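K.L.:
I'd like to ask you about the structure that follows.
The values are calculated or read from the model by the stated rules, or taken from the named source; none is laboratory data. Note that this is a predicted model, so its numbers are computed, not measured. Don't worry about glycine lacking a Cβ; one is built from the backbone with ideal geometry, like all the others, and counts go over all protein chains shown. Ligands, DNA and RNA are excluded from the accessible area calculation, which covers all protein heavy atoms including side chains. Shrake-Rupley method; radii C 1.70, N 1.55, O 1.52, S 1.80 Å.
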Amino acid sequence: MNSFKDALDKVARRPVAIFHRFRLAAERHDCDVHVFLEGYDDVTFYGKTIDSAAAKMQKRWVDYICFGKRNLDEVERLYSASDLRNKKVLFIRDSDFDAFLGYAPIKDYVFLTDGYSVENYVCTVDTIKTFVTRNFGIDTSEIAVDDIGNEFKERVRLLFTWLKPLLGAALAAVSSGRQLDLDKLDVSTPFKAALRGEDLPEAFDPAQLLAIGLRDSDFSIESTTLAERFSNNDDARWLRGKYLLTAASIFLEHIGSRLLTAHKEGKIHRFNRRANTNYQPSMIFERLCAYADQPPGLEEALTRIAA
């Protein structure tokens with residue numbers, strides 16, 4: 001029974017099925033504006049802006065989860081080739097490496113993130129500082145929150161710098177049309193080393209590189225040049241989103257433990273000992289969303305599409 005349900009779910013996630021749902025809704029005139037997103041995290045974060053725009057415009061909105069960037073791009077291609085181009089539609093898409101390489105779709109109905117991905121809007125220094133202040137209930141006269149924000153920024157910079165050769169190799173591979181699984185890289189170990197003030201590993205784990213899909217030949221003069229160009233970008237905005245979220249989760253657990261110790265030792269008086277101690281990345285993402293600023297330009301894009 002489960003295998004049959006799984007098969008149905010797999011079919012429902014295909015771009016043609018997602019586009020078919022859109023076509024039916026568009027033909028029934030069930031809503032005024034259709035918004036396509038890559039995944040559930042996007043709904044969690046962008047939903048605030050979508051709801052705000054809908055209320056201001058007094059429009060009916062519906063969103064479609066595309067289950068990944070590649071699926072969203074395929075749905076966009078189906079839309080572009082269809083007879084429904086007169087419908088009010090917005091695709092919200094991560095820039096990833098594609099914006100840097102010039103592969104991202106530049107169209108008036110595609111909103112590209114101003115950074116690598118949705119996580120880069122959420123895991124900012126300002127968001128981290130607000131989370132630390134409110135979640136742990138600290139007194140900012142006892143704790144220099146700006147120092148904590150700067151510490152996070154510096155550790156993220158160290159991770160970004162350490163990753164530079166790998167990111168260059170990944171850019172070279174992607175530019176040649178290959179697909180990689182960058183989730184196979186463990187960034188928790190090097191980031192924890194950075195937090196402890198230790199040197200990061202001198203080399204990447206060969207087994208992880210193989211799992212990612214990278215080859216020795218990907219590390220070349222070309223990849224070094226790409227890495228140098230890419231590293232000129234702001235690290236907090238262009239570090240891969242999943243890596244940044246992992247770093248934020250580890251960092252906040254580290255700060256929570258540090259503040260708890262300071263409270264036990266009587267060095268600070270205010271600390272919420274009942275603060276949620278679930279630091280899983282998925283939970284941290286949801287909690288940081290409550291404090292993160294919405295993307296500049298998104299509400300304007302939604303308003304323009306809805307007009």
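K.L.:
Could we say that GLY177 is at pLDDT below 95, on the phi > 0 side of the Ramachandran plot, out of contact with any Leu (no Cβ under 9 Å at 6 or more places or on another chain) and not aromatic (Phe, Trp, Tyr) here? Give the derivation first.
P.N.:
Details: at pLDDT below 95: yes; on the phi > 0 side of the Ramachandran plot: yes; out of contact with any Leu (no Cβ under 9 Å at 6 or more places or on another chain): yes; not aromatic (Phe, Trp, Tyr): yes.
Answer is yes for this residue.
K.L.:
If you don't mind, there's one more thing I want to ask. Give me the helices (runs of 4 or more DSSP H) completely within region 92-135, filtered to those with at least 1 residues that are closer than 30 Å to ARG273 by Cα, touching a Lys or Arg at 6+ places or on another chain (Cβ under 9 Å) and modelled with pLDDT of 95 or more, ordered by residue number. Let's see the steps before the verdict.
P.N.:
Values: elements: 98-101, 119-122, 125-135.
Once the helices (runs of 4 or more DSSP H) in region 92-135 are filtered for at least 1 residues that are closer than 30 Å to ARG273 by Cα, touching a Lys or Arg at 6+ places or on another chain (Cβ under 9 Å) and modelled with pLDDT of 95 or more, what remains is 119-122, 125-135.
K.L.:
If you don't mind, there's one more thing I want to ask. Taking LYS59 and the conditions (1) modelled with pLDDT of 95 or more; (2) assigned to a loop (DSSP other than H, G, I, E, B), which numbered condition does it fall short on, given that it satisfies the others?
P.N.:
(1)
K.L.:
Still on this structure, I have one more. Are any residues in region 263-305 of a type in the set (S, T, N, Q), out of contact with any Ser or Thr (no Cβ under 8 Å at 6 or more places or on another chain) and more than 24 Å from ASP183 (Cα to Cα), and if so, which ones? Break it down stepwise before answering.
P.N.:
Within region 263-305, the subset of a type in the set (S, T, N, Q) is 272, 276-278, 280, 282, 294, 303.
From what is left, the residues that are out of contact with any Ser or Thr (no Cβ under 8 Å at 6 or more places or on another chain) are 272, 276-278, 282, 303.
Across region 263-305, the qualifying residues are ASN272, ASN276, THR277, THR303.
K.L.:
Let me ask something else. Report yes if some residue within region 90-98 is open to solvent by less than 50 Å² (accessible area, probe 1.4 Å), over 30 Å from LYS59 (Cβ atoms) and hydrophobic (A, V, I, L, M, F, W, C); otherwise report no. Let's see the steps before the verdict.
P.N.:
Pass one, region 90-98, residues open to solvent by less than 50 Å² (accessible area, probe 1.4 Å): 90-98.
Checking the rest, the ones that are also over 30 Å from LYS59 (Cβ atoms) come to 97.
Now narrow it down to the ones that are hydrophobic (A, V, I, L, M, F, W, C): 97.
Within region 90-98 (the criterion being open to solvent by less than 50 Å² (accessible area, probe 1.4 Å), over 30 Å from LYS59 (Cβ atoms) and hydrophobic (A, V, I, L, M, F, W, C)), the answer is yes, since at least one residue qualifies.
K.L.:
Which ones in region 166-219 are among the small types (Gly, Ala, Ser), open to solvent by 70 Å² or more (accessible area, probe 1.4 Å) and outside any loop (DSSP other than H, G, I, E, B)?
P.N.:
We begin by selecting, within region 166-219, every residue among the small types (Gly, Ala, Ser); these are 168-170, 172-173, 175-177, 188, 193-194, 197, 203, 207, 211, 213, 217.
Going one step further and asking which of them are open to solvent by 70 Å² or more (accessible area, probe 1.4 Å), we end up with 176, 203, 217.
Passing the criteria: only SER217.
K.L.:
Please pick out the residue among ARG70, ARG60 that is open to solvent by 70 Å² or more (accessible area, probe 1.4 Å) and closer than 21 Å to ASP96 by Cβ.
P.N.:
Values: ARG60 fails: closer than 21 Å to ASP96 by Cβ.
Matching residue, one of ARG70, ARG60: ARG70.
K.L.:
Determine, yes or no, whether ASN272 is under 20 Å from TYR116 (Cα atoms) and part of a loop (DSSP other than H, G, I, E, B).
P.N.:
Details: under 20 Å from TYR116 (Cα atoms): no; part of a loop (DSSP other than H, G, I, E, B): yes.
Against the criterion (under 20 Å from TYR116 (Cα atoms) and part of a loop (DSSP other than H, G, I, E, B)), ASN272 does not qualify.
K.L.:
Do we find that PHE285 is of a type outside the set (Asp, Glu), at pLDDT 95 or above, within 24 Å of ASP98 (Cα to Cα) and open to solvent by 60 Å² or more (accessible area, probe 1.4 Å) in this structure? I'd like the intermediate steps shown before the answer.
P.N.:
Working: of a type outside the set (Asp, Glu): yes; at pLDDT 95 or above: yes; within 24 Å of ASP98 (Cα to Cα): yes; open to solvent by 60 Å² or more (accessible area, probe 1.4 Å): no.
Judged against the criteria, PHE285 is not a match.
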